[in-house]
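The values are calculated or read from the model by the stated rules, or taken from the named source; none is laboratory data. Treat the numbers as computed from the prediction; the structure is a model and nothing was measured. Positions of Cβ are backbone-derived with ideal geometry, glycine not excepted, and every protein chain shown enters the neighbour counts. The accessibility values were calculated without ligands, DNA or RNA, using every heavy atom of the protein model including side chains. Shrake-Rupley method; radii C 1.70, N 1.55, O 1.52, S 1.80 Å.
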Amino acid sequence: MCGIIGYIGEKQAYPILIDGLSKLEYRGYDSAGVALLDEDQLEIMKSVGRLSKLEEKIGEQVPFGTMGIGHTRWATHGRPCDMNAHPHSDCTGEYVVIHNGIIENYQALREWLKTEGHLFRSETDTEVLAHLVEQYFRGDLKAAVRQVLEKVSGSYAMVVMSERDPGRLICARKDSPLVIGLGEGENFIASDIPALLKYTRRTIILEDGELAEVSRDNVTVERCGQLVTKEVFNVEWDVVAAEKEGFEHFMLKEIHEQPKAIRDTLRSRITADGLVNLAELNLAEDEIWQLRKVVMVACGTAYHAGLVGKYVFEKLLRLPVEVDVASEFRYRNPLLGEDTLVVVISQSGETADTLAAMRLAKEKGSPVVAITNVVGSTVSREAGRVIYTWAGPEIAVASTKAYITQLIVLYLLALQIGQSAGLIPEAEIMAMTAALKKLPMDVAGIIEKEDVIKEFASRIKDWEDTFFIGRGLDYAVALEGSLKLKEISYIHAEAYPAGELKHGTLALITENIPVIALATQPDLYEKMWSNIKEVKARDAYVLAIVNEGDNETGKEVDDVFEIPATNPIFTPVLSVIPLQLLSYYASVMRGCDVDKPRNLAKSVTVE
Ligand code: AGP
């Protein structure tokens, strides 16, 4: 996600752009930039780092101009640096663009534009948009942008401005949000409502496929070249509520963003014929064949993603996988080498223990692959190979969409290795990628039932001890569910392999104590049923997470929540959702600080 702002009116644009960007930094903050048009002079200023760095860089040399555009970046293509910051311009500097999204065919466009004589300065996908405008401009900026949109594929919220056609901003959206704010003798464009509220509450929400022309006194919107009439919405939110898009907490907003996060992480990594295209892996077939072991290293929730990865890799690739918490791994003198692939997983890419583990793996000669959500993070710069989760900024301390997209990347990684080495038949890969593409809809369907889960939360919120049990993949998810509950509701939550209960923990199972039982693995149903009977025999309250169509497990328990049927290997993506929501609502009901729980930080950059 990135933050976009545009202004055209009678006031000096610069302070309005900076103020708007400051309200959008939660959407991305690794670099920022503005472009202003004064008379027919275009000026661009941009800087790596937070918005404050841009302001420092500009200092007293505040640029003039009553129209302009601004951008805060969350990098997807091209590391954070001055040159990769937006706005981007064409060869002449007469056309500027800001963009939120991913231009999937940017490489091909870049190569073609080079043959047309265009010179590129940045590593970004966005810059191709500016050169395409230059390529197609024949006096009418809107006509040029129409042609650009016919050439590009992917997702975009974009704003274009040119000194060759002053007096109007052209903007368009597909899969990334864009809002127009209506003023008196002035108009605004933004990726999100918080940037507008200081100036106007009258808004037009652009829809996918729409293109708008915004001048000081007029806004026109078209779709496929035909003018459309748009409804004007009056926004009732305050700024803080608007940053959360009306959700009470960032965590709930990020839970709801998970379908999009999965789609974005899958985007352009599954080919039209259903095979995997994880180009970033960059492991040759002979390097794959020399692998004898995989080690996954991470902390907290990322570690739990690694546990799912273990099951997936061992099932699909029959490759031994060790999973270790980074704080243990780094001090146990692990057995590594060029035959051991080390996968480090880190949302922030800055966790101290995980960084140390990665550096140790490199010292010992192991190939390293990093899975991270932050472009330009330390782990992404040092790992050698990096595969991004495109979840967008995760603000809540409790990780949700990052975890889900870590799972998606681990599935893609296993399938890519299996595909490259011929270990998995193509037909099986196609069936699995088809199932992966269905997950966003399945996740959305679960989230729609959040009121049911809220009711379950009311039944556990007053307990100080709870248990999560599961077998196989369900045990890995039980661990993640227990971490979510304890870290945001402060209820002690212990996850246990269901088969282990009789070896001690059963002594703690007393009347009505909450036990969350995950039973999604068909080959383990029978065993789970006996474990559920064990705890029911001690009168525990049992909430079971089961597959649609499983009419047996529900007979044994107090409450049951069904997840859509999918390939059993993918159920962690679905079974974790009710656990995230259960934890969220228990935390809210207990009056906890959901987004910033006590004693915790979003990224643990110290030992
Ligand atoms: C997860 O909800 C926690 N916030 C925490 O366990 C987190 O997953 C862990 O600190 C690892 O962070 P990273 O993914 O940024 O390395």
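See the values below:
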{"quantity": "Computed accessible area, Y136, all protein chains, 1.4 angstrom probe, square angstrom", "calculated": "40"}
{"quantity": "Total charge dipole magnitude, the chain, about the Cα centre, Cβ charges on Lys, Arg, Asp, Glu only, Debye to nearest 20", "calculated": "660"}
{"quantity": "The range 475-607: relative contact order as a whole-number percent, Cα under 8 Å and 6+ apart", "calculated": "29"}
{"quantity": "Charge-dipole axis of the range 30-84 as Lys and Arg at +1 and Asp and Glu at -1 on Cβ define it, positive-most pick from G78, M67, S47", "calculated": "G78"}
{"quantity": "Listed residues V594, S215, Q226: farthest to the positive end of the dipole of the chain (Cβ charges)", "calculated": "V594"}
{"quantity": "Average Cα contact separation per residue, the chain, under 8 Å, 6 or more apart, as relative contact order %", "calculated": "11"}
{"quantity": "Over the range 185-276, relative contact order from alpha-carbon pairs under 8 Å, at least 6 apart, %", "calculated": "25"}
{"quantity": "Heavy-atom surface of the chain, accessible at 1.4 Å and reported per residue (Å²)", "calculated": "37"}
{"quantity": "Stokes-Einstein D for the range 551-607, Kirkwood Rh over Cα pairs, 37 °C, 0.692 mPa s (µm²/s)", "calculated": "227"}
{"quantity": "Taking N as its residue count, the alpha carbon Rg of the range 437-546 over 2.2 N^0.38 Å", "calculated": "1.06"}
{"quantity": "Point-to-point label distance, L335-V604, nm (Cα→Cβ direction, 7 Å offset)", "calculated": "2.8"}
{"quantity": "Probe 1.4 Å, all protein chains present, accessible-area order of E60, E548, largest first", "calculated": "E60, E548"}
{"quantity": "Sum of -39500 (n - 2.57) over DSSP H runs of 4+, divided by residues of the chain (222 nm, nearest 500)", "calculated": "-11000 deg cm²/dmol"}
{"quantity": "Proportion of all alpha-carbon pairs of the range 381-484 beyond 18 Å (%)", "calculated": "67"}
{"quantity": "Dmax and Rg, reported as Rg then Dmax, of the range 260-419 (C-alpha, Å)", "calculated": "14.3, 45"}
{"quantity": "Gain in span if fully extended, E207 to C224, counting 0.36 nm per residue against the direct Cα distance", "calculated": "4.9 nm"}
{"quantity": "Percent carbon-and-sulfur accessible area, the chain, ignoring ligands, DNA and RNA, probe 1.4 Å", "calculated": "50"}
{"quantity": "0 to 90° range, to nearest 10: angle between helix 13-22 axis and the chain longest Cα axis", "calculated": "0"}
{"quantity": "For the range 1-144, convex hull volume per residue from C-alpha positions, Å³", "calculated": "104"}
{"quantity": "D_trans [Stokes-Einstein, Kirkwood Rh over alpha-carbon pairs] for the range 416-465, 25 °C, 0.890 mPa s, µm² s⁻¹", "calculated": "174"}
{"quantity": "Angle between the chain longest axis and helix 300-317 axis [Cα atoms, degrees, rounded to 10]", "calculated": "70"}
{"quantity": "Percent breakdown of C-alpha pair distances by 10 Å bin, ordered from the shortest bin, for the range 179-272", "calculated": "15, 35, 31, 17, 2"}
{"quantity": "Sparsely packed GluC sites (Glu not before Pro) within the range 270-369, loop by DSSP, other Cβ within 10 Å at most 15", "calculated": "E338"}
{"quantity": "Percent of Cα pairs exceeding the 32 Å cut-off, where the set is the chain", "calculated": "50"}
{"quantity": "Cα-centre dipole for the range 112-262 with unit charges at Cβ (Lys and Arg positive, Asp and Glu negative), debye to 20", "calculated": "340"}
{"quantity": "For W289, solvent-accessible area (1.4 Å; no DNA, RNA or ligand), Å²", "calculated": "130"}
{"quantity": "Between 0 and 90°, nearest 10: helix 401-420 axis offset from the chain longest Cα axis", "calculated": "80"}
{"quantity": "Heavy atoms of F467 accessible to a 1.4 Å probe, total area in Å² rounded to 10", "calculated": "10"}
{"quantity": "Protection proxy ranking of 40-46, 484-490, 12-18 - average other beta-carbon atoms within 10 Å, highest first", "calculated": "484-490, 12-18, 40-46"}
